[in-house]
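Read through the structure below, which is laid out as structure tokens, and then see the notes.
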Amino acid sequence: MLKFEKFTGINNVIPSSRLMYDGESKTADLAEAVNVDIGLTGEIRRRAGYSELLATCHKNLHQGKGFMLATVDGGDLISMDAAGANRVVLYPSLGVSRVWYCNLPDGRTAFSNGLIRGITDGSTVTTFGVPIPSSLGALTPVAGDLFPGDYRYQLTYVRLSDGLEGGPAYADTVAVPDGGIVLTGLPELAGHKINVYLTSHNGEHAFLAGSTTNGAFSFTGKNDKLILPCRTDFMYPAPPGRAGSIMAFYGARVLISVGPVLYASRPNGWELFDIRRDFKQFSDDITLIQPVDDGVYVGTTTELAFLSGTEFDKLTYRQVVAGRVVLGSGVQVRGELVQSGQGSAIVCIADDVLCAGFNGGNVARMTEGRYATDVAEVAATFRMVDRVPQYIAIPQ
């Protein structure tokens, strides 16, 4: 039996046969330390046990504002309080894929498993953005007061619970010779009304003609009634993803990864995305999005990059680590808890070692030469135990 009065750390880089243990009172390294906590003076203590709150299997745990989210056996997304009680099923049969989360400033939390996305306040769920109508119905010209000419109409959904309007579906140009239109077969959606926008005669920009909560609409008024423009032109809900999609909040925008592409929502419009312009393309699939005070760390399967700046349009790219960033390894921490950093910081696994990233894109390879891992994916968190900072990354 070996007794350690001061533990100097784990070292799995040097072969264990070369680790020297000098008596019982000297400092020493270990190749592995399981189920132990390390104190402020380097002492080793057996890690405390735990008590079971619920027998149901939980995964994808996340702390929202005043509620905890998790998926349970069978794939239901639930919310619960800190004691695991007061459970509410938010989304049944979400599936077994990993769920990613993003806390929003208004107290809600966005969630995504890549294919299914939503936003919850812990009690109810809405879609992550308002969908675009899947069809356009049919237009029939009728008599009315519009100028004769070519017209085009657009349809948007408006969520009745909060008035959020989504992006439009665009119809082809139609000749209106007699001054009026009737639309039939419009795509009704529960919990939403339909806004109908109409261009002026031979015009390009559409203006609000009216709304309907059923599958029919007509407009026979004058052109000067078309005043309010469509403010969600070319907007989309959160872009369709795939397994591995990650989310974060930075600079009044929600950031979402889809493979190698980083998309940003509109500023303060977290459910609207202009996917034509608000994106950054990386060379490989994104595995990490972690903001700090003056930029965003983005990890991929080949690098850790720092995008410096506070405005998405003006972010400046710089590679800070060449090497794979482990999916799920990024966590945000206070800089003073990680070496000598200040402000906000991140911890992640990059190029097989534990790294800390600080404001300005400064990176410290904290376990260089002492600890390395080739794990592919983890669920990571950062916590304080007896005033000792702990980074925990559990392989998935």
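The values are calculated or read from the model by the stated rules, or taken from the named source; none is laboratory data. Computed from a predicted structure; not experimentally measured. As a convention, Cβ positions derive from the backbone with ideal geometry for all residues, glycine included, and neighbour counts pool all protein chains shown. All accessible areas refer to the heavy atoms of the entire protein, side chains included, with ligands and DNA or RNA removed. Shrake-Rupley method; radii C 1.70, N 1.55, O 1.52, S 1.80 Å.
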* Asked: Taking a point 7 angstrom from the Cα of Asp293 along the C-beta vector, which residues in the range 335-354 have backbone N less than 12 Å away?
  -> 335-336, 341-345
* Asked: Hey, of [x] 35.7, 116; [y] 19.7, 60; [z] 27.0, 100, which did the structure itself give for Rg and Dmax of the Cα atoms in Å when calculated?
  -> [z]
* To do: Could you work out how far the C-alpha centroid of the range 262-276 sits from that of the range 363-381, in angstrom?
  => 32
* Accessible area (Å², 1.4 Å probe, nearest 10) - Asp284 -> 50
* Asked: Counting only protein chains, not ligands or nucleic acids, how are Tyr101, Tyr91, Tyr391 ordered by accessible area (probe 1.4 Å), most first?
  -> Tyr91, Tyr391, Tyr101
* Structure fact -> One finds the C-alpha centres of the range 190-240 and the range 318-355 to be spaced, in Å, by 47
* For the modelled label position 7 Å from the Cα of Ala216 along Cα-to-Cβ, which residues of the range 134-155 have backbone nitrogen atoms closer than 16 Å? -> 137-143
* Whole-number accessible area per residue in Å² for the chain, which is evaluated in the context of all protein chains at 1.4 Å -> 50
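Within the chain, what's the longest run with no GluC sites (Glu not before Pro) in a DSSP loop and at most 16 other beta-carbon atoms within 10 Å? Give the range, please. Write out the running numbers ahead of the final one.
Numbers: sites that count: Glu5, Glu24, Glu32, Glu43, Glu52, Glu188, Glu204, Glu311, Glu368.
Counting only loop sites that pass the neighbour cut-off, the longest clear stretch is 53-187.
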* Give, rounded to the nearest 20 debye, the magnitude of the charge dipole that the chain has about its Cα centre when Lys and Arg contribute +1 at Cβ and Asp and Glu contribute -1 at Cβ. => 440
* Give the residue from Gly64, Ala206, Gly118 lying farthest towards the positive end of the charge dipole for the chain; charges sit on Cβ (+1 for Lys and Arg, -1 for Asp and Glu) and the dipole is referred to the Cα centre. => Gly64
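With charges set only on the Cβ (+1 for Lys and Arg, -1 for Asp and Glu), what does the dipole of the range 159-220 come to about its Cα centre, in debye to the nearest 20?
Working: 2 positive and 6 negative charges, 29 e Å.
With only Lys, Arg, Asp and Glu charged at Cβ, the dipole is about 140 debye.
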* **Shape category assigned to the range 296-396 from the gyration tensor of Cα positions, a/c cut at 1.5** => oblate
* Asked: Counting only protein heavy atoms, what percent of the accessible surface of the chain is carbon or sulfur at a 1.4 Å probe?
  -> 52
* **Cα→Cβ-extended label distance, 7 Å offset, between Arg334 and Arg277, nm** => 4.0
* To do: Among Leu354, Val333, Ala376, flag the residue with its Cα farthest along the positive direction of the charge dipole of the range 237-396, charges on Cβ as +1 for Lys/Arg and -1 for Asp/Glu.
  => Val333
* Structure fact -> Given unit charges at Cβ for Lys, Arg (+) and Asp, Glu (-), the dipole magnitude of the range 222-322 about its Cα centre in debye, nearest 20, is 380
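Accessible area, 1.4 Å probe, largest first: how do Thr310, Thr232 sort?
On the way: Thr310 90, Thr232 10 Å².
Correct descending sequence by accessible area is Thr310, Thr232.
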* Structure fact -> Each label sits 7 Å from Cα toward the beta-carbon; between Val13 and Ala85 the label points are separated, in nm, by 5.0
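First measure r as the distance between the Cβ atoms of Ile227 and Ser93, then evaluate 1/(1 + (r/R0)^6) with R0 = 56 Å and state the FRET efficiency to the nearest 0.05. If you can, show how the numbers build up before the last one.
On the way: r = 45 Å, r/R0 = 0.81.
Efficiency for this residue pair is about 0.80.
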* Calculated FRET efficiency, Gln63 and Thr173, Cβ-Cβ r, R0 45 Å, to nearest 0.05? -> 0.30
* Taking the Cα centre of the chain as the origin and placing charges on Cβ (Lys, Arg +1; Asp, Glu -1), which of Val321, Gly179, Ser344 is farthest toward the positive end of the dipole? -> Ser344
* Find me the longest stretch of the chain that has none of the exposed trypsin sites (Lys or Arg not before Pro), where exposed means in a DSSP loop (not H, G, I, E or B) with at most 15 other Cβ atoms within 10 Å. => 66-221
